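The values are calculated or read from the model by the stated rules, or taken from the named source; none is laboratory data. For clarity, every value in this text was computed on a predicted model and none was experimentally measured. Here the Cβ positions follow ideal geometry from the backbone for every residue, glycine too, while neighbour counts run over all protein chains shown.
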There are 2 protein chains.
Amino acid sequence: MTALLLHEDPRSGNCYKIRLTAAHVGARLERRAYDILAGETRTPAFLAEVNPDGRIPVLQIGTLLLPESNAACWYLAEGSPLVPADPFTRADMLRWMFWEQYSHEPNIATLRFWLRFVGEAMLTENQRAAIPGKRAAGEAALRLLDRHLATREWLAGDALSLADLCLFAYTHVAEEGGFHLAPFPNVGRWLTAIAAHPAHLVMDA
Amino acid sequence: MTALLLHEDPRSGNCYKIRLTAAHVGARLERRAYDILAGETRTPAFLAEVNPDGRIPVLQIGTLLLPESNAACWYLAEGSPLVPADPFTRADMLRWMFWEQYSHEPNIATLRFWLRFVGEAMLTENQRAAIPGKRAAGEAALRLLDRHLATREWLAGDALSLADLCLFAYTHVAEEGGFHLAPFPNVGRWLTAIAAHPAHLVMDA
């Protein structure tokens, strides 16, 4: 099998998703860590050799480079039970993964990054001004998840899929971004069910 | 074949993507139009029957509802030549589609919506404050596309894929958001090639 190398910052939920998916499908990943806060993904070498976009994660497959966390998860999971066989359910799984990148990650992950890792005192004025909007949008995302999970066990179809793993990554640490999960009991039950899976991997493993 | 109904606002590039994909694969779509600016996607009926997230597009497949533009495009295109057969190229196609939703659409599509449809005078103070950041991020997205297309004809693999159609939607109207495309000649060549395809459908068709 082609060697798999994950270029990552271990604190990033987007990187964790890929490790979690790899654990579920039994893929072995080598890991190379970069400190985002120290600018290690903006060096000329990183931009030239890993990702001209200056972002992690990037999954390296032999010499091929695959940025974007959810695309990397897809690559690892395709052909496994994590990707539903039914065409509509497969598209519905992707629907939640696109929704994650548009409506969940930019709010919940960004506030976690700003408040837990950058520190409120170090934020720019524009970042500080964006907090209330991101707080409201992140809460709306959690409400939508909770409502969806009120009548279903998993996000897409009737089994655990990649959508659940991708959404688990930042939802289970949302409190680090100042979000309260207590008002969302269906989300809580769903998080517990994912973490109870025999193949589960915790974020700081 | 199951009836396909697109819940859309015809001015939205996210809705156009789906019509463009349908034209490429020869799928027949019925269309139902909603005026976003008049709040027609926030009515109790829309929230209850079409999408609790209050957003279009939603692709309705018989009685099944599929929000998220790129997921709807995937549903229509799977099994067609728009979805590459090679596993890495397929994941790389999805990589550009996730990138579109995270790094391109929130900047280029949002500025087009604010400046062309809402009108600068009607923006909130927070929206106005967000313009310079979105301008810079949108330009960075165009630069990344242009750099990628400097050495390749299409975004993923060596043939037109769904990634090209999904990125075409808002890139070809970026000037309506105040972006200049002249500095990005590779993007210009790529847009021309997509529009020259025999199955192409223009946005206001």
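Some values worked out for this structure:
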read-out	value
Residue within the range B:37-49 that is assigned to a helix (DSSP H, G or I), within 13 Å of the chain's Cα centre (by Cα) and modelled with pLDDT of 95 or more present	no
Failed item in (1) surrounded by fewer than 24 Cβ atoms within 10 Å (Cβ to Cβ); (2) in contact (Cβ under 8 Å) with a residue 12 or more places away in the chain, with B:Cys73 passing the rest	(1)
Which listed residue, of B:Ala38, B:Ala48, B:Ala3, B:Ala27, is more than 20 Å from B:Val173 (Cα to Cα), touching a helix residue (DSSP H, G or I) at 6+ places or on another chain (Cβ under 7 Å) and surrounded by fewer than 20 Cβ atoms within 10 Å (Cβ to Cβ)	B:Ala27
Among residues of the range B:70-95, those that are more than 8 Å from chain A (Cβ to nearest Cβ) and either among the charged types (D, E, K, R) or not in a loop (DSSP other than H, G, I, E, B) (or both), counted	6
Extreme residue, surrounded by the fewest Cβ atoms within 10 Å (Cβ to Cβ), among residues of the range A:6-24 that are closer than 19 Å to A:Pro198 by Cβ and touching a Lys or Arg at 6+ places or on another chain (Cβ under 9 Å)	A:Ala22
All positions within the range B:184-197 that are in a helix (DSSP H, G or I) and crowded, with 21+ Cβ neighbours inside 10 Å	B:Val187, B:Trp190
Of the criteria (1) touching a residue at least 24 places away in the same chain (Cβ under 8 Å); (2) not in a helix (DSSP H, G or I), which one B:Leu111 fails	(2)
Residue in the range B:88-104 that is more than 20 Å from A:Tyr75 (Cα to Cα) and buried (at least 16 other Cβ atoms within 10 Å of the Cβ) present	yes
Lone unmet requirement of (1) in contact (Cβ under 8 Å) with a residue 24 or more places away in the chain; (2) within 18 Å of B:Pro81 (Cβ to Cβ); (3) part of a loop (DSSP other than H, G, I, E, B) for B:Leu181	(2)
Given (1) free of Cβ contacts under 8 Å to residues at least 60 places away in the same chain; (2) in contact with a Ser or Thr (Cβ under 6 Å, 6 or more places away or on another chain); (3) farther than 22 Å from B:His148 by Cα, index of the condition A:Pro57 fails	(3)
Matching residues in the range A:117-169 - criterion: being basic (Lys, Arg), within 30 Å of A:Ala77 (Cβ to Cβ) and either surrounded by fewer than 16 Cβ atoms within 10 Å (Cβ to Cβ) or away from chain B (no Cβ under 13 Å) (or both)	A:Arg143, A:Arg147, A:Arg152
